[in-house]
1. Give me the pairs: first residue in the stretch 225-240 and loosely packed, with under 12 Cβ neighbours inside 10 Å, second residue charged (D, E, K, R), beta-carbon distance under 8 Å, and six or more apart or on different chains, which are they?
2. Could you list, in sequence order, the residues of the stretch 303-339 that are charged (D, E, K, R) and either touching a residue at least 60 places away in the same chain (Cβ under 8 Å) or closer than 16 Å to ALA413 by Cβ (or both)?
3. What are the residues in the stretch 440-496 that are touching a Gly at 6+ places or on another chain (Cβ under 8 Å), exposed (fewer than 14 other Cβ atoms within 10 Å of the Cβ) and closer than 20 Å to SER569 by Cβ, if any?
4. Under 28 Å from GLN535 (Cα atoms) and not in a helix (DSSP H, G or I): which single residue out of VAL501, VAL483 fits that description?
5. Does ASP398 meet the test of being touching a residue at least 24 places away in the same chain (Cβ under 8 Å), in a helix (DSSP H, G or I) and in contact with a helix residue (DSSP H, G or I) (Cβ under 8 Å, 6 or more places away or on another chain)?
6. Output the residue which, of all residues in the stretch 298-322 that are over 15 Å from ASP398 (Cα atoms), out of contact with any Lys or Arg (no Cβ under 9 Å at 6 or more places or on another chain) and not β-branched (Val, Ile, Thr), is surrounded by the fewest Cβ atoms within 10 Å (Cβ to Cβ).
7. Considering the stretch 371-421 alone, what residues qualify as being modelled with pLDDT of 85 or more, among the hydroxyl-bearing types (Ser, Thr, Tyr) and surrounded by fewer than 17 Cβ atoms within 10 Å (Cβ to Cβ)?
8. Determine the pairs where a residue that is of a type in the set (Lys, Arg), located within the stretch 566-592, has a partner that is open to solvent by less than 40 Å² (accessible area, probe 1.4 Å) with Cβ atoms under 6 Å apart, the partner being 6 or more residues away or on another chain.
Amino acid sequence: MRWRRLVDDLPVAVVAVSPPGDRISYLNDRAVAAFGRRRHDLLGTPLMSHLSVDEWDELIPRDQLASWSLVQLAAEERNEPTADRHAMVIRRPDGSSVPVVMTRLPLGRAFDTGEESDVASDVASGTVTSARDGRRPTCTGTSASVAYVLQDGVDGDLLRQQLQLLLAHSPVSFALMDRDGRVLIGGGGEAPAAVAGLAEAAVSSVFDTFANEAEIIELLRTAVSGCGVALITDAFGGQIDVTLAPLADPRGEVTRVVGVGVDVTARERARARQADVARFAHQALEIADSATLWRLAARTLAASLRAHVSLWDVGAETPAAHTASGPGLDPPVAWTSRMAAHLSGTGNVPAAGDIRYPSVLLGWQTLLVGVGRGSQPERVIVVQRPDSAGEPTYGEDDEQHVRAIADVLGSAAARLAAERQLRHRSLHDDLTGLANRAALLGHLDRVLGALHDKDRRVAVMFLDLDGFKAINDAYGHTAGDDVLRAIAERLPGAVRPHDLVGRLGGDEFAVVCSGVGDCDEMERLAHRVIVRLGQAIAVDGVAHAVTISAGVAISGAGLTNPDRLLNASDIAMYKAKRAGGGQCVVYQPWMGLENGRKESG
């Protein structure tokens, strides 16, 4: 009795049912009012004969609820509980309907009193039979097994509206679809085409609204066939992370598909650009020349930014450019001259890592970033894109990407510069800047190997300063070094333009001459060198008179090896020095190479 009074006072409709067929054994006054029928017309009738499934009920699809007993039977066979909440509609005799949310509450032993009483007081202890004599029906003695609470469906509609509002403002697209592609509830996303398509599909089908997205349509068909989908695909002008989960009824037939789409365009672009930077950094480590490095940097940026890219060597007297254009993009008209003029202007070159947006070309937005170190970089990256109706053409991610490539480019350029310096020092004399012994021998080996004309030969002129030790002893090594530098400056002007001049060490110099005709030609050249270098050299106000001893050796029989040819010219030079200096001697076979001053130059 107490339980009945409590249920009668509840602000919701309560219905108790008993097997078989879930026949109504008890219902409170609110339930009677909700059904719009008299109490005795309801008692003993199947509950589901007065209800139908709301078309918005997505917890269990409509075709699965064609028979309430079918759902219960399928669950019992799988030893699983049936669903507890459903959106339903009460069908009234007058043709009206009332949306309700029906919650199933199994009745336990606490409600099985075993009393026989009227239905209103003992719904928990027995079922009832319908009474037509005007009295309230009484229990039959069979216990009620389940009670249902029917709440006003307006609350559910409000919840649905709130959920739809939430989805509409979500950056993630969500949709619950039937197998025909009609969206039962859904929305959200960042791609306008996807948002519009989901909205239209509420009254049509995603197979129609997304007809132009072939990949999406194929994935939807895959999900409807029963296969789940989880992958990133190109769609709606970007990249979408798509997840589709098919929902099957107890018979295993797909009736619904849950779809989630996340626009990952920015994320995937960032990943791709990180990969581009890593790949460029790896390639930059292997590149041995600057020109190849500049071209690679321009191509990398042009492809990833879809822009016209040029790299300018602003450290040169005239800025030079290495260029590349993104796919389907032609370079701006007259861009080279205008960009060169801009970069030549005072203060127009950005510092290393700085970003600038100068107005250079009408209809194009230009981005500049300095490459190198400090406020005066040697190079500038120029990125140009067509102006997009006044909107910013470059985002923060674009700037970060250009800076990353610029940092790698600057480090690679510094490495190449250091390597060039090391190579230069390995092949040049530190004091004079002339080629050293290794460079002379390497060049001599190449020109000897390239000899094809029997009438033209290769010669070596070996030079030694007479009396140089006296200058060092009298004026010090600093003065001696100045004299050597002065000789190094004069010597290239005394020989032919294509001859290689080098310092072997101490006061010894050498000249490698290719394309020599005969001994007379070399003797004339040696005499010119002796005269030019014999002019007084002023150091700290002191004029130093220097004479030169020259030895010449010309390639031929027995003199086809770089070391032997150099040694032969050395022997000839010593013959000239012993003859009094200031003269030239040409090596002759009788001078005996094996008995010379050195076996190796």
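1. LEU231/ASP241
2. First, pick out the residues of the stretch 303-339 that are charged (D, E, K, R): 306, 313, 317, 330, 338.
Within the stretch 303-339, ARG306, ASP313 meet the criteria.
3. Matches in the stretch 440-496: ARG456 only.
4. Details: VAL483 fails: not in a helix (DSSP H, G or I).
Testing whether each residue is under 28 Å from GLN535 (Cα atoms) and not in a helix (DSSP H, G or I) leaves just VAL501.
5. Details: touching a residue at least 24 places away in the same chain (Cβ under 8 Å): yes; in a helix (DSSP H, G or I): yes; in contact with a helix residue (DSSP H, G or I) (Cβ under 8 Å, 6 or more places away or on another chain): yes.
Yes.
6. Our first condition is that a residue be over 15 Å from ASP398 (Cα atoms); within the stretch 298-322, this holds for 299, 310-322.
Of the ones still in play, those that are also out of contact with any Lys or Arg (no Cβ under 9 Å at 6 or more places or on another chain) are 299, 310, 316-321.
Narrowing the set further to residues that are not β-branched (Val, Ile, Thr) leaves 299, 310, 316-317, 319-321.
Numbers: ARG299: 17, SER310: 24, ALA316: 10, GLU317: 7, PRO319: 20, ALA320: 15, ALA321: 18.
Looking at residues that are over 15 Å from ASP398 (Cα atoms), out of contact with any Lys or Arg (no Cβ under 9 Å at 6 or more places or on another chain) and not β-branched (Val, Ile, Thr), I get GLU317.
7. The answer is SER411, and nothing else.
8. LYS575/VAL585; LYS577/SER549
The values are calculated or read from the model by the stated rules, or taken from the named source; none is laboratory data. This is a predicted model, so every value here is computed, not measured. Counting neighbours? That spans all protein chains shown, and the Cβs are built from the backbone with ideal geometry, glycine included. Heavy atoms of the whole protein, side chains included, go into the accessibility calculation; ligands, DNA and RNA do not. Shrake-Rupley method; radii C 1.70, N 1.55, O 1.52, S 1.80 Å.
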